[in-house]
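The numbers here are math on the coordinates, done by the rules we state, and not lab data. Only a predicted model underlies this, so the values are computations on that prediction, with no experimental measurement involved. Here the Cβ positions follow ideal geometry from the backbone for every residue, glycine too, while neighbour counts run over all protein chains shown.
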Amino acid sequence: MNDDLTRPQGRYFEELVPGTVIRHRITRTVTEADNVFFTTLTMNPQPLHLDREYAAATEFGQPLVNSLLTLSLLVGLSVHELTLGTLVANLGLTDVVFPKPVFHGDTIRAESEVLEARESRSRPDAGIVTVEHRAINQRGEVVARCKRTALMQRGPEVSPPPQG
């Protein structure tokens with residue numbers, strides 16, 4: 001028996017039907033500290049992210065949030081309602097684009113659209129799903145988009161109801 005307390009919060013392969021759009025509930029405001037920490041942690045010396053004076057002289061007029069932080073945040077925002085406890089493995093990210101910049105203080109939300117789903121040929125307990133993740137700022141602008149392919153667990157067998 002699978003009750004609500006033991007069921008993973010992510011979705012099983014069978015629940016990821018092409019065309020499904022999941023609007024993730026968790027949002028995140030990106031701070032200057034987040035950006036500086038991520039950028040220095042990943043050994044990126046780009047002054048567009050770290051030097052306020054340098055960034056002020058660019059077309060953006062202020063520091064940009066590191067695009068890889070934006071991408072990581074986008075995938076992370078999807079985990080709770082998509083892959084938490086049901087992901088076997090990430091197989092790849094493709095078609096990563098950043099159509100608008102992200103700045104300190106921007107609040108990001110995410111949505112995921114299931115593009116493809118097929119049974120795994122080598123693993124009968126799993127399926128391969130491709131989703132498009134989209135990060136959207138507080139102004140409704142898409143700031144990042146990517147396709148993610150993942151190996152997802154199949155759901156547990158549903159037992160027939162007891163006879164009696």
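Assorted remarks:
- A convex hull fitted to the Cα coordinates of the stretch 37-85 yields 82 cubic angstrom per residue.
- The stretch 50-114 - charge dipole about Cα centre, Lys and Arg +1 at Cβ, Asp and Glu -1, debye rounded to 20: 100 debye
- Model label sites at Arg25 and Leu50, defined 7 Å from Cα along the beta-carbon direction, differ in position by 3.9 nm.
- Between the stretch 15-47 and the stretch 116-132, the Cα center-to-center distance that results, in Å: 25 Å
- Asp95-Glu119 pseudo-label distance in nm [points 7 Å out on the Cα-to-Cβ vector]: 2.6 nm
- Less than 5 angstrom separates the built amide H of Leu84 from those of Gly10, Arg11, all sequence-distant by 5 or more or on a different chain.
- Peptides ranked, highest mean first, by Cβ atoms within 10 Å: ranges 8-17, 69-78: 69-78, 8-17
- Most to least packed among 47-60, 107-120, 143-156 [average Cβ atoms within 10 Å]: 143-156, 107-120, 47-60
- Only one residue of Thr130, Leu64, His80 has its Cα farthest out toward the positive end of the dipole of the chain, where Lys and Arg carry +1 and Asp and Glu -1 on Cβ, and that residue is Thr130.
- The chain: angle of helix 32-41 to the longest principal axis, Cα-based, in degrees nearest 10: 80 degrees
- Mean sequence separation of contacting Cα pairs (under 8 Å, at least six apart), scaled by the length of the stretch 29-73, corresponds to a relative contact order of 32 percent.
- With a cut-off of 11 Å on the backbone N, the residues of the stretch 36-61 near the modelled label site 7 Å out from Glu141 along Cα-Cβ are 60.
- For the stretch 127-133, 3J(HN,Hα) per residue [Karplus equation, 6.51 cos²θ - 1.76 cosθ + 1.60, θ = phi - 60°, Hz, x = Gly/Pro]: x, 9, 10, 10, 10, 9, 8
- Packing order of peptides 126-133, 94-101, highest average first: 126-133, 94-101 (average count of other Cβ atoms within 10 Å over each peptide's residues).
- Within the shell defined by Cβ-Cβ distances under 12 Å, the residues around Arg148 carry a net charge of -1, with Lys and Arg each +1 and Asp and Glu each -1.
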